[in-house]
Structures are given as C-alpha cells and as structure tokens.
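Below is one structure, written out as structure tokens; comments come after it.
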Amino acid sequence: MTTTWEMPRVNPIKAGGGDSSRDGAASLISEAGDDLKGLPADRVGPRGVDAGARDVRPLGSRIARTNPGPSGLLDDANRAIIESLQRDGRLPYGTIAEEVGLSEAAVRRRVQRLREAGVIQIVGVTDPLQLGFHRQAMVGVRVEGDVRLVAEKLSELEEVDYVVMCAGSFDLLVEVVCEDDDALFRLLNDSVRSVPGVRSTESFVYLKLAKQTYSWGTR
C-alpha cells in the first residue's frame, strides 16, 4: 500500500462551528461512566477500578489532566489501548480490557472510534524478502515545481510503498520495493525519472535491516 505523508494539518473547526478537540474530549467524558459497565462489581471502587489495572483513576479525572491531541480522542485509556495494539495488533479486546481496566465493550467501541478518526490502522505487516522482493531502496528526489504534484505521481507507482515530503538535500524521500536489481533499474530509469518535475535522484540501496518498529508509544 502506498502512503504519501506530510505534516498533518488539522482544521479544529467542525461543520457545525464547534471545536473538534473540545467536542472529542467532551464525548470521552460522557462515555467515562459507560466504560466501567461490564466490569465485575469487586473491580469498581471509589477510584474507578482496582489496583491491578494499569491506571486506577476514574476516566473523567484522567481526561481533565491529559492533552486529548488534535483528534480529541487521546485520553489515558485510549493511549493505553494504542500502546497495547502497537505491541501486538492481534490482542483480543478482552485482554486489552484487563490491561487498561475497562470493559471489553468499551475497548471495542474506543478502538472503532480511533480507527474511524484515522488515529490507528490495524494491518498485517509483511517481510518483503520472504515474499520475493529482494531489493529495497530509499530514493532521494529533487524536484522542480510543485512538490505535491510529483509526490502524487510517484505514489501511483506500484513499487513505491512510502513517500514523504521533507526538508534538506532532497524534496522527497521515496521507498521502493523491487524483485531484483534489474527491476530497480527499470523503475528508476523508466518510471521515476520520467515523472514531470523530477530533476534528479539518488538511490540508497538497503544492505541489511538493523531495526524496524511500530511500538513508539504515545505522547
């Protein structure tokens, strides 16, 4: 899947004139009581849930102390859910519920909201080498004209899996996945360099992967 990324631009004003961050936080507060429904009675006390949970404060008090982020959805409970899914995207909702101290239904509802808002995606990440793609490279692209138009064109190429607009020596960084060196050469010569606006390219061929992680937590 091809991804074009640039610094997110969030319009905080919704169609109805409300503040999306404030509305999102208000929505979370309104759900705080419902989130505890379904928990055994002995796990719900004056502080919300038992000491075996990761955070025993009631959800309402957590929201008041936490920056909800641009989406208005990042209270402490959602952050804990996201971090659990970053470790293992196949975790059952029941297991996550035990970790964060919510009901299973509440976790399911929160994950759905996070997915709909584009905060998280749950996908299968594959190893290109084991699928027959033996050549990966990062291509630095210098552009003349509108960088966004070139990024859009490069994103349409099947071999491109990542496009980012950046500052520095290059205008774009483009990650490509190919079957072999011949396929990489054809991609660069016939496809990338023929895109209008591409002034020059420099390729950085991957020799060995030292680290790749998706568990960077939340802030």
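The values are calculated or read from the model by the stated rules, or taken from the named source; none is laboratory data. Remember, predicted model here, so these are calculated numbers, not experimental data. Cβ atoms come from the backbone with ideal geometry, glycine included; neighbour counts cover every protein chain shown.
So which pairs qualify, if the first residue must be in the range 135-153 and within 18 Å of F204 (Cα to Cα), the second must be in a strand (DSSP E or B) and among the charged types (D, E, K, R), the Cβ gap must be under 7 Å, and the two must be at least 6 apart or on different chains?
Final answer for the pair search is M138/E175; G140/E202; R142/R199; V143/R199.
Can S84 be described as at pLDDT 85 or above and in a helix (DSSP H, G or I)? Walk me through it before giving the result.
Working: at pLDDT 85 or above: yes; in a helix (DSSP H, G or I): yes.
Yes.
Restricting attention to the range 191-206, does a residue exist that is surrounded by fewer than 14 Cβ atoms within 10 Å (Cβ to Cβ), in a strand (DSSP E or B) and of a type in the set (G, A, S)?
Within the range 191-206, one or more residues are surrounded by fewer than 14 Cβ atoms within 10 Å (Cβ to Cβ), in a strand (DSSP E or B) and of a type in the set (G, A, S).
Quick one: would you say V177 is under 19 Å from the mean Cα position of the chain (by Cα), within 24 Å of T213 (Cα to Cα) and either part of a loop (DSSP other than H, G, I, E, B) or not aromatic (F, W, Y) (or both)? Spell out how you get there, then give the answer.
Values: under 19 Å from the mean Cα position of the chain (by Cα): no; within 24 Å of T213 (Cα to Cα): yes; either part of a loop (DSSP other than H, G, I, E, B) or not aromatic (F, W, Y) (or both): yes.
Considered against the rule, which asks whether it is under 19 Å from the mean Cα position of the chain (by Cα), within 24 Å of T213 (Cα to Cα) and either part of a loop (DSSP other than H, G, I, E, B) or not aromatic (F, W, Y) (or both), V177 comes out as no.
Residue check, V107 against (1) part of a helix (DSSP H, G or I); (2) loosely packed, with under 12 Cβ neighbours inside 10 Å; (3) among the β-branched types (V, I, T), all met but one. Which one?
(2)
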